[in-house]
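The values are calculated or read from the model by the stated rules, or taken from the named source; none is laboratory data. If you're wondering where the values come from, they're calculated on a predicted model, not measured in any experiment. Reconstructed Cβ throughout: ideal geometry from the backbone, glycine too, with neighbour counts over all protein chains shown. Just the protein is used for accessible areas: all its heavy atoms, side chains included, with ligands, DNA and RNA removed. Shrake-Rupley method; radii C 1.70, N 1.55, O 1.52, S 1.80 Å.
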Amino acid sequence: MFDPQSDEQESLQELLSEKLFRSEHLSFVTNRQVHHWKEIGLIDDHRKYAASGMKSSFSFYEALWIRIITEIRAFRISNLTIKEIKKYLFNSFRENAVNIKEERILFETIIQDIISKNQVMFLVFLNDNTIKILDRATFIGEIYDNNIGHHFSLRLDTLIWKMLSLFVFELKIEQIIQQYKNTNME
């Protein structure tokens, strides 16, 4: 049976995975920072030959991760801690999976849900090095119940919409994004 929602999710996944952006598109970070973060493992270098002079291209997911790093570094959170956050966000998980093909990356799944389901999500890092992804109601409830004390949090949905407005996509992609914006901003 044809499921149009499933097709939209797949096209969203594909467009967010395409390596459309170069360092010059990322106005919030310098080439030097990107290079350094690759050297220390905060960003993965997917180029076949890093020393070849080939320029890096990034998917939306990768560009968003770079933006998150800049936000976290602004609060002087260590690179070691950022590596832990990266490990948490980029691990595979099974979402009602029957076979290995249904394994997904947590970060990518969260981003797609935020865009397609108009979710407000927080990335929360607690003083005890616990990392959580929480929706608005859970986040507020955890704070109210004093389950979250000192912490650092980023509102992921706000970052995503800001990032989407920064980039110029091809017409088909712009239409998909505009459709989500229209339904999500109502």
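A few remarks follow.
- Taking label positions 7 Å along the Cα-Cβ direction at both Asp45 and Asn31, the computed distance is 1.5 nm, reported to one decimal.
- Carbon + sulfur, % of accessible area of the stretch 52-93 - ligands and nucleic acids excluded, 1.4 Å: 52 percent
- Pairs exceeding a 22 Å alpha-carbon distance, out of Lys86/Lys117; Lys55/Lys87; Lys38/Lys86; Lys87/Lys162; Lys87/Lys132: Lys86/Lys117; Lys55/Lys87; Lys87/Lys162.
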